[in-house]
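After the structure tokens below, expect a handful of questions from me.
The values are calculated or read from the model by the stated rules, or taken from the named source; none is laboratory data. As the structure is a prediction and not an experimental result, all values here were calculated from the model. Note that we place each Cβ from the backbone using ideal geometry, even for glycine, and neighbour counts take in every protein chain shown.
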Amino acid sequence: MNKKKKNYKFLIVASEFYPDITKNLVSEAQTHCKKLNINNDIFFVNGSLEIPTLISMKIKKKKYDAVVALGCIIRGQTKHFDLIASAITESLLQLSITNAIPITNAVLTCDNRKQAVTRSSKKMNRAKEAIDSALSILKNF
């Protein structure tokens with residue numbers, strides 16, 4: 001029995017707080033989606049904390065099969081880093097479960113800018129992994 005391959009549509013929401021890091025993540029996401037023939041819409045927000053809010057607003061329209069969150073948080077001198085990283089992770093997971101849609105998290109949590117640049121490079125880019133993770137969930141549905 002041959003199953004027809006589904007044409008998926010993904011929502012990608014990216015934080016522009018670190019534009020060079022975001023550019024790398026978005027570029028890799030677009031390249032990987034194109035390679036896999038996945039249609040996608042990309043929207044940008046100012047900071048990573050705003051990502052879950054925009055995702056929540058966009059998925060209410062039910063036109064996406066999966067969502068990918070892209071961004072970067074770099075550790076500073078205060079607990080702000082930990083609070084933001086935790087809030088984003090918890091919010092994305094709750095949105096995914098509540099709305100029964102794969103929402104994958106490629107918001108990098110890095111100790112410094114050098115680490116962020118490395119982790120957003122083509123070799124280590126987490127956007128591809130986030131797309132593949134969403135697909136692994138969709139293939140079981």
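Go through region 30-48 and count every residue that is surrounded by 12 or more Cβ atoms within 10 Å (Cβ to Cβ) and outside any loop (DSSP other than H, G, I, E, B). If you could, list the steps in order and put the result at the bottom.
First pass over region 30-48, keeping only residues surrounded by 12 or more Cβ atoms within 10 Å (Cβ to Cβ): 30-33, 36, 38-45, 47-48.
When the remaining residues are screened for being outside any loop (DSSP other than H, G, I, E, B), the result is 30-33, 36, 39-45, 48.
Matching residues across region 30-48 total 13.
Just the residues that are part of a helix (DSSP H, G or I), within 15 Å of the chain's Cα centre (by Cα) and not polar (S, T, N, Q), please, taken from region 56-78.
Correct list: 58, 59.
Moving on. Residue under question is residue 85, and the condition is that it be touching a Ser or Thr at 6+ places or on another chain (Cβ under 7 Å), assigned to a helix (DSSP H, G or I) and either in contact (Cβ under 8 Å) with a residue 12 or more places away in the chain or of a type in the set (A, V, I, L, M) (or both); does it hold? Step through it out loud before you land on a result.
Details: touching a Ser or Thr at 6+ places or on another chain (Cβ under 7 Å): yes; assigned to a helix (DSSP H, G or I): yes; either in contact (Cβ under 8 Å) with a residue 12 or more places away in the chain or of a type in the set (A, V, I, L, M) (or both): yes.
So residue 85 fits the description; yes.
Same structure again: Could you grab the pairs with beta carbons closer than 7 Å, sequence gap of 6+ or different chains, first residue in region 1-23 and modelled with pLDDT of 95 or more and assigned to a loop (DSSP other than H, G, I, E, B), second one exposed (fewer than 11 other Cβ atoms within 10 Å of the Cβ) and among the charged types (D, E, K, R)?
Correct list of pairs: empty, since none qualify.
Right, residue 57: in contact with a helix residue (DSSP H, G or I) (Cβ under 8 Å, 6 or more places away or on another chain) and without any contact (Cβ under 8 Å) to a residue 12 or more places away in the chain or not?
Spelling it out, it is not the case that residue 57 is in contact with a helix residue (DSSP H, G or I) (Cβ under 8 Å, 6 or more places away or on another chain) and without any contact (Cβ under 8 Å) to a residue 12 or more places away in the chain.
Another question, if that's okay. If I filter region 91-132 down to residues being within 14 Å of the chain's Cα centre (by Cα) and surrounded by fewer than 18 Cβ atoms within 10 Å (Cβ to Cβ), which single residue comes out as nearest to residue 57 (Cα to Cα)?
Checked region 91-132; the qualifying residue nearest to residue 57 (Cα to Cα) is 93.
Let me ask another. For region 6-29, name all the residues that are surrounded by 14 or more Cβ atoms within 10 Å (Cβ to Cβ) and charged (D, E, K, R).
Restricting attention to region 6-29, the residues satisfying the condition of being surrounded by 14 or more Cβ atoms within 10 Å (Cβ to Cβ) are 8-18, 21-22, 24-29.
Once the filter is applied, which keeps residues that are surrounded by 14 or more Cβ atoms within 10 Å (Cβ to Cβ) and charged (D, E, K, R), region 6-29 yields 9, 16, 28.
Right, here's the next one. Taking the conditions exactly as written (over 24 Å from residue 8 (Cβ atoms) and without any contact (Cβ under 8 Å) to a residue 60 or more places away in the chain), does residue 73 satisfy them or not?
Details: over 24 Å from residue 8 (Cβ atoms): yes; without any contact (Cβ under 8 Å) to a residue 60 or more places away in the chain: yes.
Yes: the conditions hold for residue 73.
In region 95-111, what count of residues is obtained for those that are touching a residue at least 24 places away in the same chain (Cβ under 8 Å) and out of contact with any strand residue (DSSP E or B) (no Cβ under 6 Å at 6 or more places or on another chain)?
Counting residues in region 95-111 that are touching a residue at least 24 places away in the same chain (Cβ under 8 Å) and out of contact with any strand residue (DSSP E or B) (no Cβ under 6 Å at 6 or more places or on another chain) gives 3.
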